[in-house]
Amino acid sequence: MAPLLPTIHDPSALRHFDRAQLKQLADEVRSCVLDNVSRTGGHLSSNLGTVELTVALHHVFNTPHDRLVWDVGHQTYPHKILTGRRERMPSLRQIGGISGFPQRTESEYDTFGTAHSSTSISAALGMALAAKQKGEDRHAVAIIGDGAMTAGMAFEALNNAGVYDCKLLVILNDNDMSISPPVGALNRYLAQLMSGNFYAAAKNVGKSVLRAAPPLFELAKRLEQHAKGMVVPATLFEQFGFNYVGPIDGHDLDSLVPTLENLKHLHGPQFLHVVTKKGQGYKLAEADPVAYHGPSKFDPAIGLVKPATAPKLTFTQVFGHWLCDMAAQDSRLVGITPAMREGSGLVEFEQRFPERYYDVGIAEQHAVTFAAGLACEGLKPVVAIYSTFLQRAYDQMIHDVAIQNLPVVFALDRAGLVGADGATHAGAYDIAFIRCVPNMSLACPADEAECRQLLSSAFAQDHPVAVRYPRGAGAGVATLPGLDALPFGKGELRRTGRRIAIVVFGTLLYPALKAAEALDATVLNMRWVKPLDLDLLLKTVATHECVVTLEEGAVMGGAGSAVVEALQAADVQLPVLQLGLPDRFIEHGDPAKLLASIGLDAAGIEQSIRERFDASEPAGKTRPGAL
Ligand SMILES: Cc1ncc(C[n+]2csc(CCOP(=O)(O)OP(=O)(O)O)c2C)c(N)n1
Ligand SMILES: CC(=O)[C@@H](O)[C@H](O)COP(=O)(O)O
Ligand SMILES: [Mg+2]
């Protein structure tokens, strides 16, 4: 059989495919996903699980006129492949290449930018109601996973959507997995919906409905409602006002296509429950969907292999080890993750301290307020959360933790640029949004050894403290075995030079030291953004002519701004150059290259300093307009 995929330049080509052609196409898309992800790395298991669903959606719906909104968007590679981006797949998640998530700027088929979860129902509802208001005849379809469905935002949207008469279809892609096994009562409920007899009965009901349609949609609807009344008296989703259909097999195009065709013609908010398998079609990923959730490159014939030499310890691992050691010493410690057990380094902690481990689902807001409740009762919660996901829980951090001055530790992973996931996942704003909150403290270790020590410092406080550290490994400074803390709010003089004082917050200390060698500059390793070590700062700048601040965080309102405010308050009038993440979103790509592209490697730091404070000029002479 001649391959079909090369003939597909946009989904209109597959609208008239028969079932056999759709099945062949799905097989080709699956191979294309596996082939590409094995070369570039990326999200694999979820994409292998949505191949048939994607083919069916583009076959049945008139995309992009009808809107598909993918939740999280980490499962959109089949969608990208079918919407004109197949040939760009080798550039996935690289600088200048296509994104790993939907982006409105990338394609008209990407109707809504996503990457943080549980936004799809809200966005699709907005689109459906906009169409209604504008008199446009189009469908809006939200495709949301069982993990993403656990978030409050998804329920807020269901609650709102259930009362509107509009062309909204919510598809629950239920693979019984989040990144790790799903948690919570909703998961139990979905398992019940899918369980043995019920699933079989529902499948038969589905068939009888399908036989009646089309064109007898009204009859089909009545039949369906009747049948559902017998089998599923009141699913949760019906209680919310949706017409619930399912569960159906999400890999079976013979079920998917006619069901979607039917649903297209029913009125009011529709809810389709499809059952899929993460990793479908690639045995290794089916067997271990967690490992293949977001692998780096690998040989598909062999699968993932352990590297021959042990790689450098990541900050995440440093945190995970510290957490276990501190938990062994202090029985008040509890660890909380909003559905990021692996990414946040909590696997060993869960095994060793199951009674003190809480995966709360994709529910960052709840995670933080839950921690506040635990702290009220004398426990010492550590919330392990990516910087970007703490954005979701900002009010909870202020209202529930900081105002009540509760001793919650925020272990902020993925601070700074994260690389392949791009702007949506960058931990760019935590310094700016935390340092303005009373009672909050914020530490920024320069390396692995400091990370462990500063976590201990944070844990020792009786108020909320965040410790921010980046994705991956740092300078490779070996951690000490004990749980010794560094002094609270104190930095260190790291290099003594002349004229220029470089005031560094975090892991950019190491490129700064390199630049300082070339410039013969002084370097301060501040360790804390808040409280700021004013003694060290003011004493140092008193003997210097200009100040440079450096951080891997948004420069606007960040640690450099804290330094400027402090100098101003102390009536110190020195020129200050603030280096950090610029006021624009940084897209995906190799993190080292991205940092270099914005001048945050050693060469870039040196160059910026030379440009601003001409290093060959005598003291204090800055370029015109340099301030
Ligand atoms: C707000 C937010 N928190 C956490 C994540 C990290 N995350 C990405 S995918 C995922 C699991 C999603 O599970 P599900 O929706 O069931 O999709 P599946 O991976 O099973 O395809 C998580 C926790 C995120 N993207 N957004
Ligand atoms: C889609 C999503 O949000 C996660 O899968 C994320 O890509 C994980 O990133 P890390 O690889 O940094 O854990
Ligand atoms: Mg899932």
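What follows draws every value from the coordinates through simple rules; no lab data is involved. Values in this document were obtained by computation on a predicted structure and should not be read as measured data. A quick note on method: Cβ atoms are made from the backbone with ideal geometry, for glycine too, and the neighbour counts reach across all protein chains shown.
Whats the longest run of the chain with zero GluC sites (Glu not before Pro) that are DSSP loop and have at most 13 other Cβ atoms within 10 Å? Could the numbers behind the result be given before it?
On the way: sites that count: GLU108, GLU136, GLU377.
Between the exposed loop sites, the longest stretch runs 378-627.
Principal-axis analysis of the Cα atoms of the chain puts helix 120-134 at an angle of about 60° to the longest axis.
Assuming R0 = 22 Å, can you tell me the calculated FRET efficiency for the pair SER91 and ASP299, based on Cβ-Cβ distance, to the nearest 0.05?
Working: r = 20 Å, r/R0 = 0.93.
Rounded to the nearest 0.05, the efficiency is 0.60.
Diagonalising the gyration tensor over the Cα atoms of segment 371-465 and scaling each eigenvalue by 5 before taking the square root yields semi-axes of 22, 16, 11 Å, largest first.
Could you give the length gained on full extension between GLN461 and GLN239, defined as 0.36 nm per residue of separation minus the Cα-Cα distance, in nm?
Numbers: separation 222, 0.36 × 222 = 79.92 nm, distance 4.61 nm.
Gain on extension, GLN461 to GLN239, equals 75.3 nm.
Rounded if a/c is under 1.5, else prolate if a/b is larger than b/c, else oblate: which is the chain, with a ≥ b ≥ c the root eigenvalues of its Cα gyration tensor? Here the chain falls in the prolate category. Over the residues of the chain, the helix contribution to mean residue ellipticity at 222 nm works out to -11000 deg cm²/dmol, using -39500 (n - 2.57) for each DSSP H run of at least 4. DSSP bridge analysis restricted to segment 407-484 gives an antiparallel fraction near 10%, rounded to the nearest 5.
With Cα atoms defining each centre, segment 130-149 and segment 1-72 are spaced 20 Å apart in the structure.
ARG584 to PHE155: extension gain in nm, 0.36 nm per residue of separation minus the Cα-Cα distance? Present the calculation step by step, with values, prior to reporting the outcome.
Numbers: separation 429, 0.36 × 429 = 154.44 nm, distance 3.18 nm.
Difference between extended and current length: 151.3 nm.
Of the listed peptides 62-71, 394-403, what is their order by residue-averaged count of other C-beta atoms within 10 Å, with the highest listed first?
On the way: 62-71: 22.5, 394-403: 18.8.
Sorting 62-71, 394-403 by mean packing, highest first, produces 62-71, 394-403.
Each peptide in 595-605, 569-579 receives the mean, over its residues, of other Cβ atoms within 10 Å, and ordering these scores from highest gives 595-605, 569-579.
Which shape class, rounded, prolate or oblate, goes with segment 230-322 when its Cα gyration tensor gives a ≥ b ≥ c as root eigenvalues, a/c under 1.5 marks rounded, and past that a/b bigger than b/c marks prolate? Prolate is the answer for segment 230-322, as a/c is 1.5 or above and a/b outweighs b/c. Computed packing ranks the peptides 505-513, 78-86, 276-284 as 505-513, 78-86, 276-284, most packed first, by mean other Cβ atoms within 10 Å.
Listed cross-link partners LYS23/LYS297; LYS278/LYS380; LYS278/LYS312; LYS380/LYS593; LYS80/LYS306; LYS380/LYS514 are compared with a 32 Å cut-off, the Cα-Cα value being larger for LYS278/LYS380; LYS380/LYS593; LYS380/LYS514. Label zone of SER597 (point 7 Å out along Cα→Cβ, amide N under 14 Å): in segment 398-420 this covers 417-420. For GLN329 and GLU377, a Förster radius of 22 Å and the Cβ-Cβ distance give a FRET efficiency of 0.65, rounded to the nearest 0.05.
The antiparallel fraction among DSSP beta bridges confined to segment 299-416 stands at about 10%. Secondary structure note: in the chain, about 15% of the DSSP beta bridges are antiparallel.
Residues whose amide H lies under 5 Å from that of LEU442, counting only those 5 or more places away or on a different chain, are ALA466, VAL529, LYS530; hydrogens are built 1.01 Å from N in the peptide plane.
If a/c stays under 1.5 just call it rounded; otherwise compare a/b with b/c (prolate if a/b is bigger, oblate if not). Do that for segment 1-150, with a ≥ b ≥ c from the square roots of the Cα gyration tensor eigenvalues. Working shown, then result.
Numbers: a/c = 1.72, a/b = 1.23, b/c = 1.40.
The shape class here is oblate.
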